Structures are given as C-alpha cells and as structure tokens.
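Report on the following structure.
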Amino acid sequence: MKVALFPGSFDPFHNGHLEVVERAGKLFDQVVVAALRNPQKAEPLFSLAEREEMLKEALAHLENVRIVSVATLVVNVAQEVGASVIVKGLRAVSDFENELQMAQMNRQLAGVETVFIPTSSDSSFIASRLLREVARLGGDVSAFVPKAVLERLDQRFPR
C-alpha cells in the first residue's frame, strides 16, 4: 500500500489544501494529513486539537484519508505512519525554492521522497495567513474554506 503524508500547519485549513488532499487521494492508497506545530510561525490561531477536529470534519468525505496532529519532524511523522512520500502543494513558483530545500533535507534525513502538486489557479492565491487577516477584520472568507473551518472562524471572529 502506497501511503503519502501531507503535512502543514493548516491554521486554518483552506480550499487550496483541500484540493491537494483530494488530488493526492487519487494518486495514493492512503493520505495521512498531519497538522503540525511550526515553531517558526507566530502563535497559532487554532490549537492542534482544534485543527485536527476541523480536518476530520472537512475531509470526512474522503475514505482513504486519515488525520494526525503532531509536534515533531515531518520525516519522523512519515516513518510513524508508514509514508514513503511527502506531498506538498505549490501555489506559485515562489513556493518552490523553499519546498525544494525541505524536500532535499527530508530525503537526506530519512530517504523520503517528495511529490509536488500544483494547485489550480482557483486556489493559487489562497494562504492561511491572508485568511486569518481577512477573517480578523470582518471579511467574508466563505468562498475559500470548508464549512467546518468557516464555522470556527465565525465563532472566533463574529462578523
């Protein structure tokens, strides 16, 4: 069985992420979506437990997807879940340089390959940091996030 790991902070999970998971689900037998605590990013909007719950709701329609939340190296997670591939979404060329560097490091550390899935132009501009800012300022992000995420954003930032 080919298992792929799709890691990210997912704070919040959005339709660009959803597109990557759905497409990866067609390529691999199982996709493990891992919500990670990224110490290089500012304090998260949602806790790991909240993000894991949102992911479970947003991805419930996909039978070959499972969710985990962790605070460790991605390659450790890949080994724990039996993934031979890490899936990363690319929005633009600017994402590639950083993602390539991480892919090379992951391969050197654990022999785990990385597969890049480019998002469609409908999703290429969506970024979690922008969604947090728009939601915080009372903007409508309903077109960019799954229903489960929108509900929690609306609770956090009532319009």
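Residues in segment 44-71 that are in contact with a strand residue (DSSP E or B) (Cβ under 8 Å, 6 or more places away or on another chain) and not aliphatic (A, V, I, L, M) were compared, and the one that is nearest to Ala24 (Cα to Cα) is Asn64. Comparison of Glu113, Glu53, Glu80, Glu97 shows that the only residue that is under 28 Å from Ser142 (Cα atoms) and charged (D, E, K, R) is Glu53.
As a summary of the residue check, Val115 satisfies the conditions (1) more than 16 Å from Gly25 (Cα to Cα); (2) at pLDDT 95 or above except for the one numbered (1).
Looking at segment 116-159, which of the residues that are outside any helix (DSSP H, G or I) and of a type in the set (S, T, N, Q) is surrounded by the most Cβ atoms within 10 Å (Cβ to Cβ)? If we take residues in segment 116-159 being outside any helix (DSSP H, G or I) and of a type in the set (S, T, N, Q), then Thr119 is surrounded by the most Cβ atoms within 10 Å (Cβ to Cβ). Is it the case that Pro12 is part of a loop (DSSP other than H, G, I, E, B) and touching a Leu at 6+ places or on another chain (Cβ under 7 Å)? Criteria met by Pro12. Arg129 meets each of the listed conditions (1) over 22 Å from Leu59 (Cβ atoms); (2) free of Cβ contacts under 8 Å to residues at least 12 places away in the same chain apart from (1). Within segment 65-88, if we keep just the residues that are loosely packed, with under 15 Cβ neighbours inside 10 Å and part of a loop (DSSP other than H, G, I, E, B), the residue that is modelled with the lowest pLDDT turns out to be Ala71.
Considering only segment 22-58, state which residues are assigned to a helix (DSSP H, G or I) and surrounded by fewer than 22 Cβ atoms within 10 Å (Cβ to Cβ). Passing the criteria: Glu22, Arg23, Gly25, Lys26, Leu27, Leu48, Ala49, Glu50, Glu52, Glu53, Lys56, Glu57.
The values are calculated or read from the model by the stated rules, or taken from the named source; none is laboratory data. Fair warning: this is a prediction, and the values are worked out from it, not measured in the lab. Here the Cβ is made from the backbone with ideal geometry for all residues, glycine too, and neighbour counts use every protein chain on show.
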